[in-house]
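S.K.: Pasting a structure here, questions to come.
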Amino acid sequence: TNLTDGDSGLMRKSKRESYTQSYNAQAAVDADGSQLILGNHVSRSASDANELEPALESIPDEMGDVQRALADSGYVNAEAIERVEDAGIGVYVSVGREDGNYERNYDYRPDSVRNKPPKKLTDERLLAMQAKLATEEGRKIYRKRQETVEPVFGIIKSVMGFRQFLLRGHEKVKIEWSLVCLAYNVKRLWKAQTNPA
C-alpha cells in the first residue's frame, strides 16, 4: 500500500535497480525529421509490452495516418504487433539482437550464466519480425528509432530537467506529462523556426 500515491505502480528500471512507486511515461515521436511528440500517455504498468497500441492511439487523427511504428525490444508482444500490422501499419520492433552477437565486451557474470545460449524464438510472428529487421531496408528503417525517440527523452531529462513527476494521482500525472510534452514541442518548434537548416 502506498499512502502517497495509490494510483502509481511498483516498478524498477532493471534487475539491478531498487523498486520505486512510479508511472510509465510514453511518447510517440515523429521519425521523419521533425522529432515532435505526436502523442503521449501515462501507464501504471512497469512493462512496455502492452504499450504499443495505446501509444499509437494517443496520436490525434488530425496528424494523419500512421505509416510505420518503430519500437525497441521492450515492446515485444506478438499479439499486439499482429493487431497493429492488421490495421495497415508497418511495425518494426526489435525482438533481440538482430546481428546475432550476444557476447558482451565486459561480462562479470558467473560462467554458468555467461555461457548459457540465449532463448530461441519460436513464435512465427516474432521470427518474421526478426527476418524483417535483418534485411537492409529493415535495418535502415529501424535505425531511425535511436536517432528520433532517444534524443527526445534525453532532452526532456537533461536539458529540460524533468526527471520525476511532482503531482500525485494518475489523472494529474497525465496532465503533467502532457505539459512536459507540450513544452518540449514548443522548444523544438522554436529551434526549427530560428534555425531552419
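The values are calculated or read from the model by the stated rules, or taken from the named source; none is laboratory data. Because the structure is a prediction, the values reported are computed rather than measured. All Cβ positions, glycine included, derive from the backbone under ideal geometry; neighbour counts span all protein chains shown. Just the protein is used for accessible areas: all its heavy atoms, side chains included, with ligands, DNA and RNA removed. Shrake-Rupley method; radii C 1.70, N 1.55, O 1.52, S 1.80 Å.
S.K.: Is segment 26-44 home to any residue that is in a loop (DSSP other than H, G, I, E, B) and touching a Gly at 6+ places or on another chain (Cβ under 7 Å)?
M.R.: Yes, segment 26-44 contains a residue that is in a loop (DSSP other than H, G, I, E, B) and touching a Gly at 6+ places or on another chain (Cβ under 7 Å).
S.K.: Continuing with the same structure: For residues that are closer than 13 Å to Asp32 by Cβ and of a type in the set (D, E, K, R), scanning just segment 140-155, find the one that is nearest to the chain's Cα centre (by Cα).
M.R.: Among residues in segment 140-155 that are closer than 13 Å to Asp32 by Cβ and of a type in the set (D, E, K, R), the one nearest to the chain's Cα centre (by Cα) is Arg145.
S.K.: How many of the residues in segment 154-184 are assigned to a helix (DSSP H, G or I) and under 20 Å from Gln21 (Cβ atoms)?
M.R.: Of the residues in segment 154-184, 10 are assigned to a helix (DSSP H, G or I) and under 20 Å from Gln21 (Cβ atoms).
S.K.: Asp48 - would you say it is open to solvent by less than 50 Å² (accessible area, probe 1.4 Å), at pLDDT below 85, of a type in the set (D, E, K, R) and part of a loop (DSSP other than H, G, I, E, B)?
M.R.: No: the conditions fail for Asp48.
S.K.: Please tell me if Ser22 is among the hydroxyl-bearing types (Ser, Thr, Tyr) and surrounded by fewer than 16 Cβ atoms within 10 Å (Cβ to Cβ).
M.R.: No: the conditions fail for Ser22.
S.K.: Looking at Ala55, Ala27, Ala49 in this structure, which one is under 17 Å from Gly154 (Cα atoms) and not aromatic (Phe, Trp, Tyr)?
M.R.: Step by step, each of Ala55, Ala27, Ala49 is checked, and only Ala27 is under 17 Å from Gly154 (Cα atoms) and not aromatic (Phe, Trp, Tyr).
S.K.: I'd like to check something: does segment 81-92 contain any residue that is of a type in the set (Phe, Trp, Tyr) and free of Cβ contacts under 8 Å to residues at least 60 places away in the same chain?
M.R.: Scanning segment 81-92, I find at least one residue that is of a type in the set (Phe, Trp, Tyr) and free of Cβ contacts under 8 Å to residues at least 60 places away in the same chain, so the answer is yes.
S.K.: Within segment 134-151, track down each residue that is surrounded by 18 or more Cβ atoms within 10 Å (Cβ to Cβ) and touching a helix residue (DSSP H, G or I) at 6+ places or on another chain (Cβ under 7 Å).
M.R.: Tyr142
S.K.: Now, a different point. Step by step: first the residues of segment 51-73, then only those that are open to solvent by less than 70 Å² (accessible area, probe 1.4 Å) and part of a helix (DSSP H, G or I), then the one that is modelled with the lowest pLDDT. Which residue is that?
M.R.: Ser73
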